[in-house]
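Taking it in order: structure first as structure tokens, then the write-up.
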Amino acid sequence: MSDCIHKGEFSSLFYKRPFSRPLKAAWGTWAVRDGLILRHQDSATGSFVFSEIAPLPPATPEIPLIPSIPSPTPAASPTARTAALLSLSESTPEAVANLREAGYRTFKLKVGLNKPDDEWDFLQKVVLSLKAGDKLRLDPNRSWDTGTWSFWKPRLNGISQSIEFIEEPFKEQLSSDDMLRQAESSPVPLALDESLAGAGLVDWLDKGWTGYWVIKPTILEDPEVWWKRLLDAKSRVVISSVFETGIGLSSLIHLAQAFPETDHGLRTQAFFDDDFGVPQQGPVLNALTIEEQEDLWKRLPES
């Protein structure tokens, strides 16, 4: 642990944030986001540094506390573009049109919650509503078995120009060789997400994954191990939120600046009815200043 951790005083705050409505995923229902904010005050300068610990259910491996994440572009303005996140049933042509008017061009759709035939019919309507430059990301949350994948694979081939990638679709725990083969034969690019938790990211870097990377820094191990290697992937990297407060989101926005051509996965404040997120203008999010993080620290209700 570095000297900057030893020299100063730590405070902590546990919080609970109910979602505006419970989220449904393949593993179950999630009603309340809870987490921990750490505040470190430097004994010499009196300045503060804030960190957030936000576990992702159903299970998150323990990760070490680290003093800092490398700042990829320290001189840049702390903003990042984000994709819109919707369930497929919410992704009506009207909803997509409204988001596009607000500036969004990338739409992430949660799938795998209903019958494949019904979802395919709905998805075709969404695809027909897209304009030039619009992109879809599909996220089945590891809900597709081999039969479901066999259903989707030929159909995706016909709309591949509209699909940026599919996030880790397979319910079965595939070996790395099988996952690489599936990615090679897929009509659309695949993205790793859940497999990257803990030490998984380094393992896949070693295996030479050539698809997309959906990175959730909050639940990964020490970024000093993987950050520089990941920079080589550039546009294939999406920085993703796990429903942190504005303190955690601000750190993610700083990281996202290393990939300015990407629409990241940071539009999570839309799932809460509070004001504990970050300022947002359309798809552009602004990181909180230290003063704003201190204000948020004071306003967060303790659990």
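The values are calculated or read from the model by the stated rules, or taken from the named source; none is laboratory data. Being a predicted model, the structure only gives us computed values, none of them experimental. Every residue, glycine as well, gets a Cβ built from its backbone with ideal geometry; the counts of neighbours run over all protein chains shown.
Filtering the stretch 188-209 to residues that are in contact with a Pro (Cβ under 8 Å, 6 or more places away or on another chain) and either closer than 23 Å to residue 156 by Cα or among the aromatic types (Phe, Trp, Tyr) (or both) leaves only 190. Filter the stretch 184-197 down to residues that are at pLDDT 95 or above and under 23 Å from the mean Cα position of the chain (by Cα) and give me whichever is surrounded by the most Cβ atoms within 10 Å (Cβ to Cβ). The qualifying residue surrounded by the most Cβ atoms within 10 Å (Cβ to Cβ) is 191. Would you check if residue 142 is of a type in the set (Lys, Arg) and free of Cβ contacts under 8 Å to residues at least 60 places away in the same chain? Against the criterion (of a type in the set (Lys, Arg) and free of Cβ contacts under 8 Å to residues at least 60 places away in the same chain), residue 142 does not qualify. Scanning the stretch 87-138 for residues that are free of Cβ contacts under 8 Å to residues at least 60 places away in the same chain and aromatic (Phe, Trp, Tyr) gives 107, 120, 122. Scanning the stretch 98-126 for residues that are over 23 Å from the mean Cα position of the chain (by Cα) and aliphatic (A, V, I, L, M) yields a count of 0. Selection over the stretch 206-225 of residues that are modelled with pLDDT of 90 or more and more than 15 Å from the chain's Cα centre (by Cα) gives a count of 6.
What residue, among those in the stretch 288-303 that are free of Cβ contacts under 8 Å to residues at least 12 places away in the same chain and not in a loop (DSSP other than H, G, I, E, B), is surrounded by the most Cβ atoms within 10 Å (Cβ to Cβ)? Looking at residues that are free of Cβ contacts under 8 Å to residues at least 12 places away in the same chain and not in a loop (DSSP other than H, G, I, E, B), I get 295.
This table checks each residue for (1) over 14 Å from residue 87 (Cα atoms); (2) surrounded by fewer than 19 Cβ atoms within 10 Å (Cβ to Cβ); (3) of a type outside the set (Lys, Arg).
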{"position": "103", "(1), (2), (3)": "yes, yes, yes"}
{"position": "108", "(1), (2), (3)": "no, no, no"}
{"position": "129", "(1), (2), (3)": "yes, yes, yes"}
{"position": "141", "(1), (2), (3)": "no, no, yes"}
{"position": "151", "(1), (2), (3)": "yes, yes, yes"}
{"position": "155", "(1), (2), (3)": "yes, yes, no"}
{"position": "161", "(1), (2), (3)": "yes, yes, yes"}
{"position": "164", "(1), (2), (3)": "yes, no, yes"}
{"position": "171", "(1), (2), (3)": "yes, yes, no"}
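Looking at the stretch 198-217, is at least one residue touching a residue at least 60 places away in the same chain (Cβ under 8 Å) and surrounded by 18 or more Cβ atoms within 10 Å (Cβ to Cβ)? The answer is yes; a qualifying residue exists.
Of the strands (runs of 3 or more DSSP E) lying entirely inside the stretch 207-287, those carrying at least 2 residues that are out of contact with any His (no Cβ under 7 Å at 6 or more places or on another chain) and more than 21 Å from residue 164 (Cα to Cα) are 284-286.
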